[in-house]
1. Which members of the stretch 316-341 meet the condition of being touching a residue at least 12 places away in the same chain (Cβ under 8 Å) and basic (K, R)?
2. What about N197, is it farther than 29 Å from T178 by Cα and not small (G, A, S)?
3. Identify, please: which residue in the stretch 92-109 is of a type outside the set (V, I, T) and surrounded by 14 or more Cβ atoms within 10 Å (Cβ to Cβ) and is, among those, nearest to K358 (Cα to Cα)?
4. Could you please let me know if E377 is more than 30 Å from Q91 (Cα to Cα), at pLDDT below 70, out of contact with any Pro (no Cβ under 8 Å at 6 or more places or on another chain) and not small (G, A, S)?
5. I need the full set of residues from the stretch 46-73 which are among the small types (G, A, S) and either exposed (fewer than 12 other Cβ atoms within 10 Å of the Cβ) or more than 30 Å from K364 (Cβ to Cβ) (or both), in order please.
6. Residues to consider are I29, I4; find the one that is over 30 Å from A363 (Cα atoms) and modelled with pLDDT of 80 or more.
7. Can you tell me which residue is modelled with the highest pLDDT among those in the stretch 115-168 that are hydroxyl-bearing (S, T, Y) and surrounded by 14 or more Cβ atoms within 10 Å (Cβ to Cβ)?
8. For the stretch 174-196, how many residues meet the condition of being over 57 Å from the mean Cα position of the chain (by Cα) and free of Cβ contacts under 8 Å to residues at least 12 places away in the same chain?
Amino acid sequence: MITIGDTSYALNDPLVLAVLAGAVVLLLILVLLIVAARAAGRSARLAEPLALQLGQLGQRVQSLGDGQERLAGGLHHVSEAQAQSQTAMLQLMEKRLAEVQERMTENLSGSSRRTAQSLGELQERLKVIDKAQDNITKLSGDVLSLQDILSNKQTRGAFGEIQLTDIVTKALPSDSFTLQATLSNGKRADCLIHLPNPPGPIAIDSKFPLEAYEQLRRAETQDQLNRAVQALRLSVRKHIKDIAERYILEGETADGALFFLPSEAIYAELHANFPEVVREGFAARVWIVSPTTCMATLNTMRAILKDARMREQAGAIRRELGLLYADVDRLGTRVENLDRHFGQAAKDISDIKISADKAGRRAKRLDNFDFEELAGEGDDRIVKLTKPGE
């Protein structure tokens, strides 16, 4: 039983039950509304960051669209610049190739001229060497052997200057001596042999003490023999003194001279019976020679002359060989320069090819450019989504 004012209601009354049920339902609805309002407030509070983030996301989308438009314009400019760059690169390549071709043509032409000139010089050097070899062969043919001279009986049978002239003429080359040569002191030697220094030109003078020797050979008494010996000694000493004073000139001739005796008999007589006279000749640097010993002496001089001329010819050959070596070395240097020019041209072409490949790869990368990421993950302006309750 429920009493409201003056009216009492029974709990089992259907009307009361209906009112109570309606009140309970109304109370539940009110409670639900309160709960829903609180949930809506909490949802609103949670949705505020989401709304802010959505706004920022919209701004990023807008800026992304603007950036894409600018990038499209930039790509257009890059394409135009790349086309201009390729055109300029092609023009530069054509110009560089033309320069390289022109330089190679000039180098090849100059190298050909220098090579032809070097070959001509080499040919001239070889001609000079052949000529020097011919001179050596001719010199060997002109020099007579000692055996040929010794087998000539006429040279042993002549006397005086004629015999000396005949011996010297047959023993030595014609340009190696002077007959009747006049010295600076006005004296005239029978023969002046032009030996190289040292010893220098050496004079030969023919002296023939015939009268004293004939007296010696005709002497019958001891007194005649003594007078003949004294006369021969004085005559030979006088000839030695005259030769030493006239034909030994310091700075002009050798420091000795030859005293030619055209008789083997007188020569043997002096060495057998007048050794003191021979020693005086040695002291005065005047060497007495007979036809036989003169030929031996001239043979020695001929060997000296031959050796000197061989050295001269060998020196000429060495000089020409030196020039030949210099020509060959210069030719090798020019070939190296030509090879270096070829190498430089090949390197230039290779560099141009590398530059063209790099430009092509850059254009290809620009054509295939990927725009997936425009900003890094560390941008502070982006608000990360969070779950409820975090």
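1. Matches in the stretch 316-341: R330, R334.
2. Answer is no for this residue.
3. Just the residues of the stretch 92-109 that are of a type outside the set (V, I, T), to begin with: 92-99, 101-104, 106-109.
With the extra rule that they be surrounded by 14 or more Cβ atoms within 10 Å (Cβ to Cβ), the set shrinks to 93, 96-97, 103-104, 107.
Details: M93: 14, R96: 18, L97: 19, R103: 27, M104: 27, N107: 31 Å.
Only one residue fits best here, namely M93.
4. The answer is yes for E377.
5. At the first step, the residues of the stretch 46-73 found to be among the small types (G, A, S) are 47, 51, 55, 58, 63, 65, 67, 72-73.
Those that are among the small types (G, A, S) and either exposed (fewer than 12 other Cβ atoms within 10 Å of the Cβ) or more than 30 Å from K364 (Cβ to Cβ) (or both): A47, A51, G55, G58, G65, A72, G73.
6. Working: I4 fails: modelled with pLDDT of 80 or more.
On inspection, the qualifying residue turns out to be I29.
7. Taking the stretch 115-168 first, the residues hydroxyl-bearing (S, T, Y) are 115, 118, 137, 140, 145, 151, 155, 165.
Those still in the list that are surrounded by 14 or more Cβ atoms within 10 Å (Cβ to Cβ) too: 115, 118, 155, 165.
Working: T115: 77, S118: 78, T155: 40, T165: 85.
The residue in question is T165.
8. Residues meeting the conditions: 2.
The values are calculated or read from the model by the stated rules, or taken from the named source; none is laboratory data. The structure displayed is predicted, hence computed values, not measured ones. As a convention, Cβ positions derive from the backbone with ideal geometry for all residues, glycine included, and neighbour counts pool all protein chains shown.
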